[in-house]
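Data first, discussion second: the structure below is written as structure tokens.
The values are calculated or read from the model by the stated rules, or taken from the named source; none is laboratory data. Note that the coordinates shown come from a computational prediction; the quantities given were computed from them, not determined experimentally. Cβ atoms come from the backbone with ideal geometry, glycine included; neighbour counts cover every protein chain shown.
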């Protein structure tokens, strides 16, 4: 109990309101999108739209609960990792380089294909983030991109651009 007669200050983490609004917005988008789904076969015990309604509803409820918790003064605990310096600002050069890599991948993926661009994405990102073993990064990137390409294209039947390697893969 406060005996000094003053009201204790309540900490409000305003970015949490933005996160709450974003989560609720995504839930609403999922629910609206679910309205356009075609009904499945009559003998299916669970119709295809059921998952969209469930996920969308949960997202809306979670967004509302986060907004209420923020309004009540709940604040997330800050990171306590020993290798995190919370006083330092954002590393803009690194962020802009990573954004540039993603823009290059998006621009060239249809022409060069996922196998090449996936390897480039991994190797370039690793290099920007501090790796100095270029050949190893390229090799790991190639293995990961080929495994994911075959996993999606052959395993799941989801076409991923092969690009200039269209007859080879």
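Could we say that residue 104 is assigned to a helix (DSSP H, G or I) and surrounded by 16 or more Cβ atoms within 10 Å (Cβ to Cβ) here?
Spelling it out, it is not the case that residue 104 is assigned to a helix (DSSP H, G or I) and surrounded by 16 or more Cβ atoms within 10 Å (Cβ to Cβ).
May I ask you to verify whether residue 115 is under 22 Å from the mean Cα position of the chain (by Cα) and modelled with pLDDT of 95 or more?
No, not satisfied.
Looking only at region 83-98, decide whether some residue is part of a helix (DSSP H, G or I), at pLDDT 95 or above and surrounded by 12 or more Cβ atoms within 10 Å (Cβ to Cβ).
Yes, region 83-98 contains at least one residue that is part of a helix (DSSP H, G or I), at pLDDT 95 or above and surrounded by 12 or more Cβ atoms within 10 Å (Cβ to Cβ).
So which residues in region 124-141 are assigned to a helix (DSSP H, G or I) and either within 20 Å of the chain's Cα centre (by Cα) or more than 18 Å from residue 96 (Cα to Cα) (or both)?
Of everything in region 124-141, those that are assigned to a helix (DSSP H, G or I) and either within 20 Å of the chain's Cα centre (by Cα) or more than 18 Å from residue 96 (Cα to Cα) (or both) turn out to be 124, 125, 126, 128, 134, 135, 136, 137, 138, 139, 140, 141.
Kindly indicate whether residue 68 is assigned to a helix (DSSP H, G or I) and more than 30 Å from residue 167 (Cβ to Cβ).
So residue 68 passes the test.
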